[in-house]
Amino acid sequence: MTAIAPSPSPASTAASHRTARGRWYLAAAGLAVVVTAYSLTVASVPLPFGDVVDALTGRADDALSRLIWDYQIPRIILCWAVGAGLGASGAVLQSVIRNPLASPDVLGVTRGAGVTALFVVLILPATPLSLLPVAALAGGVTVTVVVYTLAYRGGTTPIRLALVGVAASACCEAVIRFLLMRYPQNVNGSLIWLAGSFFGRTWQTVAITVPWVVVCLPVVVFLGRRLDVMGLGDPMAVGLGERAEGTRRLAIAVAVVLASGAVAAAGTLSFVSLIAPHIARRLIGGRMAALTPMAAAVGVLLTLGADTLGRGISPPLEIPAGLITAVIGAPYFLYLLMRTGR
Amino acid sequence: MRLSAEGVELRYDRKVVARNLSLEIPDNQVSVLIGPNGSGKSTALKSLARLLRPAGGRVLLDGASIQSLPTKEIARRLAILPQVLTTPEAITVEDLVWFGRHPHRRTVGAPSPQDREMVEWALRSTDTAALRDQYVDQLSGGQRQRVWIAVCLAQQTGLLLLDEPTTFLDVTYQLELLDLLARLNGEEGKTIAMVLHDFNMAAEYADHIFVLAAGELVCQGTPREVLTKETMRTVFSLDVEIGVNPRSGRPLVIPLRRRPVSLPA
Ligand SMILES: Nc1ncnc2c1ncn2[C@@H]1O[C@H](COP(=O)(O)OP(=O)(O)OP(=O)(O)O)[C@@H](O)[C@H]1O
Ligand SMILES: [Mg+2]
């Protein structure tokens, strides 16, 4: 078997893919800067951009500085962390579960986090609010561990993980409903949390959330090529030197920590982790090493965009960001369903 | 002996495929496993490639139990082409062949010139270089098979295990593939073990043949020793005539049609 036909130089095609990707990264980064800058000006009263710059450079009066530094900035940082975490986590789980409709919800992360968070809010109302994220994280991780264990039979398969995950999510959902009905006193705050909101988040939440993301995000990005190899199926992946089950476990663990951390900080932002990887895949293709960072970037844009919109539509009223992502996400999800269902 | 199975018991959950199977893959030779459907050829090959952990006995690679070696380390010495493959979506031929370099690369960092060289060589050797920018899921079955073989070749291993590498290939490509494997064996001393169904291809290319039936090694040896009327009747329930290939002098297996069965009226 010798080559006969002349073929395009390999370097040139690979390089052109790389430049195309580079352009999309640049575009995403540029857009993120613009949205961030705009977001700084959206508060219960619109802030002129000049005032924001003054506050950032320390030339504004106290009240304005406080508003920017204590409310706007931590909130935006949190949007970044949560959006990036959700986007990357969705990309990784879709790859590991080999289902483009997978997301942290499929493994029960979101609902699991919801159960423990609600439990704390409704049954132990004396608990300091700073412990809420910790409780949510514990819930998300616990449910995932349970799902993984139930799906494990000397190894797991993507389909078994997905099925057990969906069942676990349904159980958690039932518990959430029960808690809401049984303890109606505190329901309002819980509903806002469940809907996904950045309302009133401070540096404290930032301090709990950002480290998770900063540590986990590079890990999932570096897992990129290994996850691509896993996409060839377990036998081939082992043949190419991956410990299939070990790699799967590692990827799920990191993705779940990312997602739980995000849910803990902002409640359930529906569809971000599902849709961000899809948009990213459209832009730069399915290779994980390139996809995961892009999915994180799209996640940031979606989250920050939704939160900014929610604050800006009818101030001083705030619409929870999760409601906005749901309104945008649900039709997109249906569209995806119809396209993949064919 | 670089690769061997010593008295392995092979099973899936409760289904026992082999109880006490021993295979020694001869170094620097081309060996072929034959046997009826379901006789355990793929299962045996999987255990030799650490894809299936034996319930008893052990598989030795270079003197060490294969289960105790790091899997990435094994992937630099041994490549396996499984019988059933998942074709990934939206990936080009060239990108797929690059995965063959995975065990040689670090988690991060640019590929080395040797990586590039091996990928190009694998593409050329399997005549898939012209397909490099096409999507793998849009190729014909035979083209796809050649791409998978290119992945294994890019792995640059001394041992190559292939489970029915010639399925889907037209006769021309079957011969080209087997010629390529014979050349890799002859020129670079690669050890090759593969499952084939075609007796005559096995006769032509094998130095050594293993015959498996119901998870047992029934016989082994050179094509002339193994491909006999007797084996064909007992193992495959086939009536055959054994001829001689006029060029190579190797045996030629000619299956005979059975007595006509009466069809239901
Ligand atoms: N994943 C599996 N789970 C359970 N049983 C299996 C599995 N794979 C194979 N078997 C069984 O093990 C036995 C041997 O199968 P194997 O695939 O090794 O046969 P083979 O010789 O490769 O057959 P073929 O020529 O059809 O490829 C068969 O009876 C088969 O039903
Ligand atoms: Mg088989």
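The values are calculated or read from the model by the stated rules, or taken from the named source; none is laboratory data. It should be emphasised that the depicted structure is a prediction, and the values quoted were computed from it without experimental measurement. Please note: Cβ atoms are built from the backbone with ideal geometry, for glycine as well, and neighbour counts cover all protein chains shown. When the accessible area is computed, the model is the full protein with side chains, heavy atoms only, and any ligands, DNA or RNA have been set aside. Shrake-Rupley method; radii C 1.70, N 1.55, O 1.52, S 1.80 Å.
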Residue by residue, what Karplus-based ³J(HN,Hα) values in Hz, rounded to whole numbers, does region A:97-104 have, using 6.51, -1.76 and 1.60 with θ = phi - 60° and x for Gly and Pro? 7, 6, 9, x, 9, 6, 6, x
Quick check on the protein assembly as shown: take the gyration tensor over C-alpha atoms, sort the square-rooted eigenvalues as a ≥ b ≥ c, and tell me if it's rounded (a/c under 1.5), prolate or oblate. prolate
C-alpha center-to-center spacing [region B:3-76, region A:284-305] in angstrom: 42 Å
Run the simple label-point estimate for A:A37 and B:Q134 please: 7 Å along Cα→C-beta, distance reported in nm. 4.8 nm
What residue among B:V119, B:V84, B:V32 shows peak mean-square fluctuation when chain B is described by a Gaussian network model with Cα springs under 10 Å? B:V84
For region A:42-81, build the charge dipole from Cβ charges (+1 Lys, Arg; -1 Asp, Glu) around the Cα centre, then report which of A:V45, A:L67, A:I77 sits farthest towards its positive end. A:I77
Go ahead and collect, in residue order, the members of region A:82-118 whose backbone nitrogen is under 20 Å from a label point 7 Å along the Cα-Cβ direction of A:R182. A:111-118
For chain B, longest principal axis from Cα atoms; helix B:141-154 axis from its Cα atoms; angle between them, nearest 10 degrees, is 60 degrees
Please build a GNM for chain A, connecting alpha carbons under 10 Å apart, and tell me which residue among A:G312, A:G154, A:G285 fluctuates the most. A:G154
Residues whose placed amide H lies under 5 Å from that of B:S65, excluding near-sequence neighbours: none
How would you classify region A:66-205 from its alpha-carbon gyration tensor, with a ≥ b ≥ c the square roots of the eigenvalues: rounded for a/c under 1.5, else prolate if a/b is greater than b/c, otherwise oblate? oblate
Tally the DSSP beta bridges in the protein assembly as shown and give the antiparallel ones as a percent, rounded to 5. 60 percent
Want the number for A:S65 to A:A289: 0.36 nm per residue separation, take away the alpha-carbon distance, what's left? 76.6 nm
Listed residue (B:L21, A:V146, A:P320) projecting farthest to the positive dipole end of the protein assembly as shown, Cβ model: A:V146
With +1 on the Cβ of every Lys and Arg and -1 on the Cβ of every Asp and Glu, the dipole magnitude of region A:42-81 about its Cα centre, in debye rounded to the nearest 20, is 140 debye
Any residues in region A:214-254 that have 40 Å² or more less accessible area with all protein chains than in their chain alone, probe 1.4 Å, and which are they? A:F222, A:R225, A:L232, A:P235, A:M236, A:V238, A:G239, A:L240, A:G241
Any idea how far the Cα center of region A:222-244 sits from the one of region B:168-209, in Å? 27 Å
Value at 222 nm in deg cm²/dmol, rounded to 500, when DSSP H runs of n ≥ 4 in chain B each add -39,500 (n - 2.57): -9000 deg cm²/dmol
Could you do me a favour and compute the accessible area per residue for region B:1-131, 1.4 Å probe, result in Å²? 44 Å²
Taking the Cα centre of the protein assembly as shown as origin and charging only Cβ (+1 Lys, Arg; -1 Asp, Glu), how large is the dipole, in debye to the nearest 20? 740 debye
Going through the cross-link list B:K190/B:K229; B:K72/B:K190; B:K41/B:K229, which pairs have a Cα-Cα distance over 28 Å in this structure? B:K190/B:K229
Pick from A:V33, A:V166, A:V134 the residue whose mean-square fluctuation is largest in a GNM of chain A, springs joining Cα atoms under 10 Å. A:V33
Computed [θ] at 222 nm, helices only, for chain A once each DSSP H run of length n ≥ 4 contributes -39500 (n - 2.57): -25000 deg cm²/dmol
Positive end of the charge dipole of the protein assembly as shown (Lys, Arg +1 and Asp, Glu -1 on Cβ, about the Cα centre): tell me which of A:I192, A:Y25, A:A330 has its Cα farthest that way. A:I192
Size of charge dipole - region B:1-144 - debye, nearest 20, with Cβ of Lys, Arg +1 and Asp, Glu -1, no other charges: 560 debye
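Tell me, what is the percent relative contact order of chain A, built from C-alpha pairs under 8 Å that lie six or more residues apart?
29 percent
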Between B:E6 and B:E188, what is the label-point separation in nm under the 7 Å Cα-to-beta-carbon projection? 3.0 nm
Report, in whole Å, the centroid distance computed from the Cα atoms of region A:72-140 and region B:245-265. 66 Å
When a/c reaches 1.5 or more, the comparison of a/b and b/c decides; with that in mind, is chain A rounded, prolate or oblate per its Cα gyration tensor? oblate
With the 8 Å Cα cutoff and a minimum separation of six or more residues, chain B has a relative contact order in percent of 23 percent
Using θ = phi - 60° and Karplus 6.51 cos²θ - 1.76 cosθ + 1.60, couplings along region A:46-56 (whole Hz; Gly, Pro as x): x, 9, x, 4, x, 4, 4, 4, 4, 4, 5
Excluding exposed DSSP-loop trypsin sites (Lys or Arg not before Pro) (at most 11 other C-beta within 10 Å), longest clean stretch of chain B: B:107-246
1/(1 + (r/R0)^6) with r = Cβ-Cβ of A:V215 and B:R14, R0 = 41 Å, i.e. FRET efficiency to nearest 0.05, evaluates to 0.45
